[in-house]
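Everything below concerns the one structure shown next.
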Amino acid sequence: MTKDVLHTIQASTPELSKGQKRIAAYILSDYDKAAFMTASKLGKLVGVSESTVVRFASQLGYDGYPAMQRALQEIVRSKLTSIQRIQASNDTLFSADVVASVLHRDMDTIRQAIEGIDRSAFETVVDKLMSARHIYILGVRSSSFLAGYLHFYLHLIFENVTLVTTNSAGDILESILRIGPGDVLVGISFPRYSQSTVKGVRYAHDRGADVVSITDSELSPLYPLSSVALMARSDMISFVDSLVAPFSLLNALIVAAGHRKNADIAQIFDRLENIWDEYGVFGRSDES
């Protein structure tokens with residue numbers, strides 16, 4: 001329903017009550033603002049009760065107002081500038097305890113990820129990583145931290161992992177020049193989606209490689225180019241991209257891949273511990 005929320009509202013308008021029609025009219029004209037309003041604020045703005053707004057969402061087929069709100073947010077998230085993000089979040093974020101507001105929103109995104117992750121797709125991703133000839137990991141801007149994190153652990157599990165470290169589309173294509181059948185590209189991108197990542201993913205797709213996308217929804221430009229996609233929301237908190245749910249998803253992938261290579265992992269870390277001790281990398285507890 002995310003893709004059709006505005007169309008659904010438009011098509012349902014003739015059947016709505018007078019108050020609900022006012023809600024529909026406002027959303028259709030200013031959905032970028034409505035997407036970040038509480039039910040109470042939206043109701044006050046158009047002159048109806050909060051309960052009328054909640055019933056409006058239910059009548060459209062949504063499981064409550066938050067579900068409809070998320071559908072609207074999916075439409076606008078990739079289009080907002082940083083200034084617009086700040087303006088959109090100010091009312092909800094700074095109306096109470098900022099720490100509690102941010103942490104609760106992060107908790108909500110993780111809960112949504114738990115409920116929304118396709119377990120079959122997850123296992124397929126693990127299978128592809130296990131059988132890949134070569135694994136490339138691509139993510140730019142804030143997603144570069146996700147890509148770097150995933151690479152840090154996967155290169156301990158597999159010998160054939162490359163982190164694409166550039167943001168330039170041209171340099172990305174050079175970095176994955178030899179990608180092809182049997183290889184896997186893990187493409188990571190969240191709103192506002194980087195065109196550099198999209199171009200890299202498209203090149204890998206066109207070359208016959210398996211594309212594993214870590215993204216937020218089926219509206220992502222990575223989704224139609226993917227062999228398999230895992231989705232976890234990145235929330236907008238003011239000008240900040242909250243990536244706690246994607247990080248948790250990557251943790252699950254790392255643990256699952258490590259479990260598949262359990263014996264190898266034990267040997268790798270035993271060897272690392274010996275190397276760290278030999279070269280005094282972390283120091284020793286009995287040192288003065």
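Looking only at helices (runs of 4 or more DSSP H) that lie completely in the stretch 6-72, which have at least 1 residues being modelled with pLDDT under 90? Let's see the steps before the verdict.
Values: elements: 18-34, 39-46, 50-59.
Ranges flagged: 18-34.
The criterion of at least 1 residues that are surrounded by 19 or more Cβ atoms within 10 Å (Cβ to Cβ), aliphatic (A, V, I, L, M) and under 20 Å from the mean Cα position of the chain (by Cα) is met by the following helices (runs of 4 or more DSSP H) wholly inside the stretch 131-207: 143-157, 195-206. Candidates in the stretch 115-130 are the residues that are touching a helix residue (DSSP H, G or I) at 6+ places or on another chain (Cβ under 9 Å) and among the aliphatic types (A, V, I, L, M); of these, the one that is surrounded by the fewest Cβ atoms within 10 Å (Cβ to Cβ) is MET130.
May I ask you to list the residues in the stretch 81-139 that are modelled with pLDDT under 85, touching a strand residue (DSSP E or B) at 6+ places or on another chain (Cβ under 7 Å) and of a type in the set (A, V, I, L, M)? Matches in the stretch 81-139: LEU93, VAL102.
Whether any residue in the stretch 172-186 is among the β-branched types (Val, Ile, Thr), modelled with pLDDT of 95 or more and within 25 Å of ARG70 (Cα to Cα) is what I want to check. No, that holds for no residue. For residues that are acidic (Asp, Glu) and under 17 Å from the mean Cα position of the chain (by Cα), scanning just the stretch 222-272, find the one that is least open to solvent (accessible area, probe 1.4 Å). The extreme case among them is ASP235. Scanning the stretch 99-114 for residues that are open to solvent by 50 Å² or more (accessible area, probe 1.4 Å) and either closer than 17 Å to MET231 by Cβ or of a type in the set (A, V, I, L, M) (or both) returns VAL99, LEU103, MET107, ASP108, ILE110, ARG111, GLN112, ILE114.
Scan the stretch 225-241 and give yes if some residue there is in a helix (DSSP H, G or I) and out of contact with any Phe, Trp or Tyr (no Cβ under 6 Å at 6 or more places or on another chain), otherwise no.
yes
The values are calculated or read from the model by the stated rules, or taken from the named source; none is laboratory data. Note that this is a predicted model, so its numbers are computed, not measured. All Cβ positions, even for glycine, are placed from backbone atoms using ideal geometry, and neighbour counts span all protein chains on display. Protein only, heavy atoms only, side chains kept; ligands, DNA and RNA dropped before computing areas. Shrake-Rupley method; radii C 1.70, N 1.55, O 1.52, S 1.80 Å.
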